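Student: One structure is given below, represented as structure tokens, and several questions about it will come after.
The values are calculated or read from the model by the stated rules, or taken from the named source; none is laboratory data. Please read all numbers here as calculations on a predicted model, not as lab measurements. FYI the Cβ positions are ideal-geometry reconstructions off the backbone, even for glycines, and counts take in every protein chain you see. Side chains are part of the model used for accessible areas, which takes the heavy atoms of the whole protein and leaves out ligands, DNA and RNA. Shrake-Rupley method; radii C 1.70, N 1.55, O 1.52, S 1.80 Å.
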Amino acid sequence: MPSIDLTSSLALLDPEETLLLGISGGSDSVALLHLLLEHGYHWLVLCHFDHQLRGAASQEDARFVEELAASLHLPCELGQENVALRAQRDRLSLETAAREARYTFFAEVAKKKKCSRLLLAHHSDDQIETCLFHYLRGSGAAGLSGMQPLSHRMIGGVELTLIRPLLAISKKQLKNYLEKRALPFREDSSNESLVPMRNRLRHQLLPLLDIIFGTTYRQAILRTATILSAEQEYLESLAAPFAAELTLNVHKLNTHPLALRRRIIHRWLRNHHFSEVGFHEVELIHSLLAPNAPKKINLPQNRHASVRGGEIYLY
């Protein structure tokens, strides 16, 4: 039996099917790779994306992953893009631009390999940070439920199935796993920078909360995420049929409770390729439901919405 048992987390996967593994070369993804092999999952395609943000260090990460794949006799797909240029060109945050570029690469590999299941190495510490980060920014159940063990994302006509088997495993457990086996990995120096907000939360706020509350609050956040995840799934199932429409019918939308109206609008905007949808964007669309609402509003990303014939259109 492996020291970290992922049997339940991998229950829906067939060890004989080909799976994509997003791997940075860092401790989390390298640990996931070796754990998958221990659990009998040998048909893996390692997918590494270079964001070209750290110069020679980024190139060394790619070389490390390539050599690791070769040593394990696994196929490896490498991608790269100047993410800083993408962010500037598309007027996106660096984090959003990096995520979009990375997932575009994953979708391209999925299409090439005829495999849509992608394993990611997000762990419980990532989940706690995500939930707390969303709470501090202002979020509903969707944000507070954090990352899901199983989710789907449509990119360029390719539907990726995202699987996160490590959400119940801590960073410390993963590091211990690697150290006991003397398994090498790459350190990303940018993770220590206090410039990104998420890093400040990780290195400053969470350690302070550990001192004030003790570490038990971390499990409380994870429990809350689990509870809200079930509620999120239920609301999403109700919203999905309406959000799949090309337009939103004002009369039909107004017949639903406020919580469901907001969920439908949120899902509808995501379906129409808005990269970042928050409360502000949802409320802008919601304002069109009022009897004396304006007929047209401006949205982020140089997009617009208008009401014609009782239907809300995006363009």
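Student: Find out how many positive minus negative residues lie around Glu81, taking Lys and Arg as positive, Asp and Glu as negative, among other residues whose Cβ is under 15 Å from that of Glu81.
Tutor: -2
Student: Treating the angle as unsigned and between 0 and 90°, give the value, to the nearest 10°, between the Cα long axis of helix 56-71 and the longest Cα principal axis of the chain.
Tutor: 60
Student: Here is a further query. Based on DSSP, what percent of beta bridges with both residues in the chain are antiparallel, to the nearest 5?
Tutor: Of all bridge pairs located within the chain, approximately 55 percent are antiparallel.
Student: With the dipole of the stretch 16-78 worked out from charges on the C-beta (+1 for Lys and Arg, -1 for Asp and Glu) around the Cα centre, which of Ala31, His73, Leu19 lies farthest toward the positive end?
Tutor: The listed residue farthest towards the positive side: Ala31.
Student: Helix-only mean residue ellipticity at 222 nm, the chain, DSSP H runs n ≥ 4 weighted -39,500 (n - 2.57), per residue, nearest 500. What is it?
Tutor: -14500 deg cm²/dmol
Student: Per residue, how many Å² of accessible area does the stretch 92-248 show with a 1.4 Å probe?
Tutor: Per residue, the stretch 92-248 has an accessible area of 56 Å².
Student: So how far, in whole Å, is the C-alpha centre of the stretch 153-228 from the one of the stretch 43-107?
Tutor: Cα centres, the stretch 153-228 to the stretch 43-107: 20 Å.
Student: Order 110-120, 165-175 from most to least packed using the mean count of other Cβ atoms within 10 Å.
Tutor: 165-175, 110-120
Student: How high is the relative contact order of the chain, given as a whole-number percent (alpha carbon pairs under 8 Å, six or more residues apart)?
Tutor: Relative contact order comes out at 15 percent.
Student: Something else about it: Just add up the charged neighbours of Pro300: K/R +1, D/E -1, any other residue whose Cβ is under 14 Å from the Cβ of Pro300.
Tutor: -1
Student: For the chain, what D do you get in µm² per second when you plug the Kirkwood radius from alpha-carbon pairs into Stokes-Einstein at 37 °C and 0.692 mPa s?
Tutor: Rounded to a whole number, D works out at 153 µm²/s.
Student: While we're on this one: On a full-extension model of 0.36 nm per residue, what is the gain between Asn249 and Arg200, subtracting their alpha-carbon distance, rounded to one decimal in nm?
Tutor: Contour length minus Cα-Cα distance gives 13.3 nm.
Student: If you don't mind, there's one more thing I want to ask. I need to check one value: relative contact order of the stretch 249-296, counting alpha carbon pairs closer than 8 Å and at least 6 residues apart, in percent.
Tutor: The value is 34 percent.
Student: Return P(r) of the stretch 30-112 (all Cα-Cα pairs; 5 Å bins starting at 0; whole %; ordered from short to long distances).
Tutor: 3, 14, 21, 21, 20, 12, 6, 3, 1
Student: What's the long-distance tail for the stretch 112-155, i.e. % of Cα pairs beyond 11 Å?
Tutor: 70
Student: Okay, moving on. Which number do you get for Rg(Cα) / (2.2 N^0.38 Å) in the stretch 149-245?
Tutor: The value comes to 1.46.
Student: Further, regarding this structure: Have a look at His266, His42, His304 and tell me which one the Gaussian network model of the chain (Cα, springs below 10 Å) gives the largest fluctuation.
Tutor: Greatest mean-square fluctuation among the candidates belongs to His304.
Student: Right, here's the next one. Net charge near Ser189: determine it from the other residues with C-beta under 12 Å of the C-beta of Ser189, scoring Lys and Arg +1 and Asp and Glu -1.
Tutor: Net charge around Ser189: -3.
Student: Put one equal scatterer on each alpha carbon of the stretch 206-272, apply the Debye formula with no solvent term, and list log10 I(q)/I(0) at q = 0.13, 0.21 1/Å to two decimals.
Tutor: Taken in order of the listed q values, log10 I(q)/I(0) reads -0.52, -0.81.
Student: So, with a 1.4 angstrom probe, what is the percent of accessible area on the stretch 1-153 that is carbon and sulfur?
Tutor: 52
Student: Within the chain, how many lysine pairs that are 8 or more places apart, or on different chains, have C-alpha atoms less than 30 Å apart?
Tutor: 4
Student: Counting alpha carbon pairs within less than 8 Å and at least 6 residues apart, what relative contact order, in whole percent, applies to the stretch 9-163?
Tutor: Worked out over the stretch 9-163, it gives 23 percent.
Student: List every residue whose amide H lies under 5 Å from the amide H of Ile155, counting only residues 5 or more places away in sequence or on a different chain, with H placed 1.01 Å from N in the peptide plane.
Tutor: Leu160
Student: Quick one: angle between helix 94-113 and the longest Cα principal axis of the chain, in degrees between 0 and 90, rounded to 10, please.
Tutor: Between the helix axis and the principal axis of the chain, the angle is about 70 degrees.
Student: Whole percent per 10 Å bin, from 0 to the bin with the longest distance: what is P(r) over all C-alpha pairs of the stretch 122-201?
Tutor: Per 10 Å bin, starting at 0, the Cα pair percentages come out as 15, 34, 38, 12, 0.
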